1. Of all residues being charged (D, E, K, R) and assigned to a strand (DSSP E or B) in region 367-399, which is surrounded by the fewest Cβ atoms within 10 Å (Cβ to Cβ)? Just the residue, please.
2. Just checking, does region 64-72 include any residue being in a loop (DSSP other than H, G, I, E, B), in contact with a Ser or Thr (Cβ under 8 Å, 6 or more places away or on another chain) and buried (at least 19 other Cβ atoms within 10 Å of the Cβ)?
3. Exactly one of (1) farther than 30 Å from Y186 by Cβ; (2) modelled with pLDDT of 95 or more is unmet by H337. Its number?
4. Just name the residue that is surrounded by the most Cβ atoms within 10 Å (Cβ to Cβ) out of those in region 139-151 that are within 18 Å of L51 (Cβ to Cβ) and either among the charged types (D, E, K, R) or more than 13 Å from the chain's Cα centre (by Cα) (or both).
5. What do you reckon, is D319 under 17 Å from S255 (Cβ atoms) and not aliphatic (A, V, I, L, M)?
6. Please specify each residue of region 244-271 satisfying the condition of being more than 15 Å from S351 (Cα to Cα) and either open to solvent by 40 Å² or more (accessible area, probe 1.4 Å) or assigned to a loop (DSSP other than H, G, I, E, B) (or both).
7. How many of the residues making up region 161-206 are closer than 25 Å to F286 by Cβ, open to solvent by 10 Å² or more (accessible area, probe 1.4 Å), part of a helix (DSSP H, G or I) and small (G, A, S)?
8. For region 82-138, which fully contained strands (runs of 3 or more DSSP E) count at least 3 residues that are within 18 Å of the chain's Cα centre (by Cα) and buried (at least 17 other Cβ atoms within 10 Å of the Cβ)?
Amino acid sequence: MNTKWEKPTIIWIALLLTLTGCIVEKEEKNPLESQITAIRTAFAPDKRVALFNVAASKKGKTYVLRGESDLPEAVAALREQLSAKGIDFADSVQLLPAAGLGGRTKGVIKISVANLRSKPAHSSELATQATLGTPVKVLKKENGWYYIQTPDRYLSWVDAGGVELMDVATASAWRETEKIIFTSTYGQSYARPDGDAQTVSDLVAGNILEVLGEEGSFFRVRYPDGRQAYVSMEDSESYHNWLEALDPTGESLVSTSKTLMGLPYLWGGTSPKGVDCSGFTKTVFFLNGMVIPRDASQQVHTGKPIDSVQNFESLERGDLLFFGRKATDSTREKVVHVGMWIGNNEFIHSSGQVRISSMDREAENFDAFNRNRYLRSKRLLKEDDAGLIHLARTPLFKD
C-alpha cells in the first residue's frame, strides 16, 4: 500500500467534515413546517378519514405550498395563518375532488362487495370493503383506480370495476328511487324470475338495489350500472319497510352476529365474505341500521363508556369490548381488537374466525389472552354521537 497520501487524505477528510457540519448547523429551517403541522392536527388528525397532504419548499424568497387535500377549510386556514405572519408564499395545493373527474364526483358501489385498497393496486393492502349500493364520494383517479370516501368517511382506493361514477344530479336521482335490501346472508340475483335461471351476480346481506317492480315472488331490480335482474322476496324486502321497522336492540344485534358464526377472519373485511374484528362489529351494526366507524381504534371513541375495570355485570348485550395495550408512563394506550358482548359472560368476535369466547375463568371457552388485555367497554346502540350514523334518521340510501 502507498502510504505517502494517508496523512494529507486524513486532513482533507477532517476539513470536509468540519465544513459540512458548519453547513448543516447553518441550514435554515422551514418556518412553515410548524404551521402545516398545526393545521393538520386541527383539521385532519386521523389520516384514515381526512386528507391533508401538504408540504412547503423554498424557491428564492418565496415558499411554495404543494400537495392535495379534500378539506378546503383547512387549506384556507393555512393561507390565512401564513398571510397574517407576513410569509410570502405561492399556493399550488390541489383541492379534491379533482377537476379531471369531469364533475363525476359521486359514485355507487356496483358489485356485491368491493375490495378497497390502501394504494391503487390489487397487490396493495385490503383497507376495507364496501357493499353493493353504498354511496361514495369520488376524489381523484389514478390509472384505473378511484380514490373514494365511504359514508363512515374512510378513504381508500377502488378499481373501476367496483364503482359506478355519477355526477351530482345522477346521484341525487338514484337516491330518490325505491330500493330493496338483501336480507339473507348470501344469495344471487337472476336473469328471470326463477331461482333456476342464469345468475346475474352474487349478493350478500346489506346489498341495496333499485326496485323496478314485482313479478310473482321476485323483485325486478336494477344495478347502479344499469344491469337488471330478479331477486327473491324470501331473501329481501323493501328498504322503506325495513327502515320503518328498525328498532335495534341488544337481542337483535346478538341474533345478527350469530348468523355470521364461523365466518373466516379477513384483514380489511367488512362483509359476509370475510371480516376482521372491527369489520365484524361494523357489519353487525349495519345490518341493524347503524353505520359505525371502520376500525377498533375509531369505534372506541364513540358511544357511552360502560366499564374499564372488568365489571362485566354492568354490560348489556350489544356493548362493544375493546382490547389492547394499556397506557403507561411512557406509552399511549393502543386499541387493537374489539368484540361484542352477548350475555352469560360471553362475547363474540372475529379471531381466526367468528367465534364466541368467555370471560368466565371456569368456562371451556375462557379467553385468558383477551381478558388479560381488556381495556374498556362502550355502548353504541341508540347513542347520539357524531361518529355514528342512524339510517332511520339519515337518508343515506333513500331520500
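The values are calculated or read from the model by the stated rules, or taken from the named source; none is laboratory data. Keep in mind it's a predicted model, so treat the numbers as computed, not measured. Here the Cβ positions follow ideal geometry from the backbone for every residue, glycine too, while neighbour counts run over all protein chains shown. Please note that ligands, DNA and RNA were not included when accessible areas were found on the heavy atoms of the full protein model with its side chains. Shrake-Rupley method; radii C 1.70, N 1.55, O 1.52, S 1.80 Å.
1. Restricting attention to region 367-399, the residues satisfying the condition of being charged (D, E, K, R) are 367, 371, 373, 376, 378-379, 382-385, 393, 398-399.
The next check asks that each one be assigned to a strand (DSSP E or B); those that pass are 376, 378-379.
Values: R376: 18, K378: 21, R379: 20.
Across region 367-399, the extreme among qualifying residues is R376.
2. So in region 64-72, the residues in a loop (DSSP other than H, G, I, E, B) come out as 70-71.
Cutting the leftovers down to in contact with a Ser or Thr (Cβ under 8 Å, 6 or more places away or on another chain) gives us none.
No, every residue in region 64-72 fails to be in a loop (DSSP other than H, G, I, E, B), in contact with a Ser or Thr (Cβ under 8 Å, 6 or more places away or on another chain) and buried (at least 19 other Cβ atoms within 10 Å of the Cβ).
3. For H337, the exception is condition (1).
4. Of all residues in region 139-151, those within 18 Å of L51 (Cβ to Cβ) come to 139-142, 145-151.
From the residues that got through so far, the ones that are either among the charged types (D, E, K, R) or more than 13 Å from the chain's Cα centre (by Cα) (or both) too are 139-142, 145-146.
Values: L139: 20, K140: 21, K141: 19, E142: 12, W145: 21, Y146: 24.
Residue satisfying both the conditions and the ranking: Y146.
5. Details: under 17 Å from S255 (Cβ atoms): yes; not aliphatic (A, V, I, L, M): yes.
The answer is yes for D319.
6. Of everything in region 244-271, those that are more than 15 Å from S351 (Cα to Cα) and either open to solvent by 40 Å² or more (accessible area, probe 1.4 Å) or assigned to a loop (DSSP other than H, G, I, E, B) (or both) turn out to be E244, A245, L246, D247, P248, T249, E251, S255, T259.
7. Count: 4.
8. Numbers: elements: 89-95, 106-109, 113-117, 126-131.
Ranges flagged: 106-109, 113-117, 126-131.
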